[in-house]
Amino acid sequence: MHFRSNTMAKSQKSGSNVAARNRKARHNYFIESTLEAGLVLFGTEVKSLRNGRSSIQESYASEQEGELYLVNSYIPSYDAGADLQHEPRRPRKILLHKKEMNRLVDNVSREGMAIVPLSLYFNSRGIAKVELGLAKGKRKYEKRASLKEREWKRTQNRLLRGKI
């Protein structure tokens with residue numbers, strides 16, 4: 001009988017644990033800091049996340065009644081869920097320590113920043129987590145400058161690869 005070690009099993013699973021990624025967030029915002037938080041989800045939502053067809057492109061976090069909620073995230077209904085279906089775009093409660101939540105809410109209200117989800121994934125224990133970013137919006141000329149800088153770095157790498 002052969003047993004696999006946990007390290008081997010984790011390395012095989014590491015690429016497939018991301019359920020949704022907000023790729024435009026780093027283009028549209030300067031990310032000041034990131035934070036991992038839990039989510040309150042129904043069973044059908046977890047099953048649907050594991051299928052990997054969810055989206056957090058247009059979602060954001062906002063404070064309502066002293067709690068933080070992930071608003072406008074899309075988790076499609078689970079086909080095999082029968083009668084127990086969830087609403088695809090319902091606000092989902094974000095689980096954070098009070099001190100962390102207060103820090104985020106203070107930054108948003110004081111400095112004109114936003115709380116943007118960067119990715120939605122399953123950790124090593126199989127629990128759904130969301131990576132939140134404290135973000136400040138980019139202006140159009142800043143987006144162009146960062147795009148130009150990224151293109152220049154690509155060209156540099158291409159030239160260096162060709163010479164070596």
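Measure off, as a whole percent, the carbon and sulfur share of the 1.4 Å-probe accessible area of the chain, all protein chains present.
Details: 5700 of 11470 Å².
Looking at the chain in its full context, I get 50 percent from C and S.
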Q. For the range 42-117, what is the Kirkwood hydrodynamic radius in Å, using each pair of distinct C-alpha atoms?
A. 13.6 Å
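Which pairs in the list 24/93; 47/136; 47/140; 93/136; 93/148 are over 27 Å apart, alpha-carbon to alpha-carbon? Each step should come with its number before you reach the end.
Numbers: 24/93 23 Å; 47/136 33 Å; 47/140 39 Å; 93/136 23 Å; 93/148 38 Å.
Violating the 27 Å Cα-Cα cut-off are 47/136; 47/140; 93/148.
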Q.
Keeping every protein chain present and rolling a 1.4 Å probe, give me the accessible area per residue for the chain in Å².
A. 70 Å²
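When the helix-only estimate is applied to the chain (DSSP H runs of n ≥ 4, each -39,500 (n - 2.57), divided by the residue count), what is the mean residue ellipticity at 222 nm, nearest 500 deg cm²/dmol? Mind dumping the intermediate values first?
Numbers: 5 runs with 59 residues, N = 164.
The helix contribution divided over the chain gives -11000 deg cm²/dmol.
Given the range 109-164, what whole percent of its Cα pairs are spread farther than 17 Å?
Numbers: 1012 of 1540 pairs.
Value for the range 109-164 (Cα pairs over 17 Å): 66 percent.
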Q) Expressed in nm to one decimal, what extension gain is obtained for the pair residue 146 and residue 31 from 0.36 nm per residue of sequence separation less their Cα-Cα distance? A) 40.1 nm
Q | For the range 85-99, 3J(HN,Hα) per residue [Karplus equation, 6.51 cos²θ - 1.76 cosθ + 1.60, θ = phi - 60°, Hz, x = Gly/Pro] | A | 9, 9, 7, x, 10, 6, x, 10, 5, 9, 9, 9, 5, 4, 5
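So for 93, 140, what's the accessible-area order with a 1.4 Å probe, most first?
140, 93
Report the far tail of the P(r) of the chain, meaning the percent of Cα-Cα pairs longer than 25 Å. Present the calculation step by step, with values, prior to reporting the outcome.
Numbers: 6038 of 13366 pairs.
Roughly 45 percent, once rounded to a whole number.
In what sequence, largest accessible area first, do 105, 18 appear using a 1.4 Å probe?
Details: 105 35, 18 55 Å².
Result, largest first: 18, 105.
The values are calculated or read from the model by the stated rules, or taken from the named source; none is laboratory data. Worth saying up front: this structure is predicted, and the values here are computed from it rather than measured. Keep in mind that these areas ignore ligands, DNA and RNA; they rest on the heavy atoms of the full protein, side chains included. Shrake-Rupley method; radii C 1.70, N 1.55, O 1.52, S 1.80 Å.
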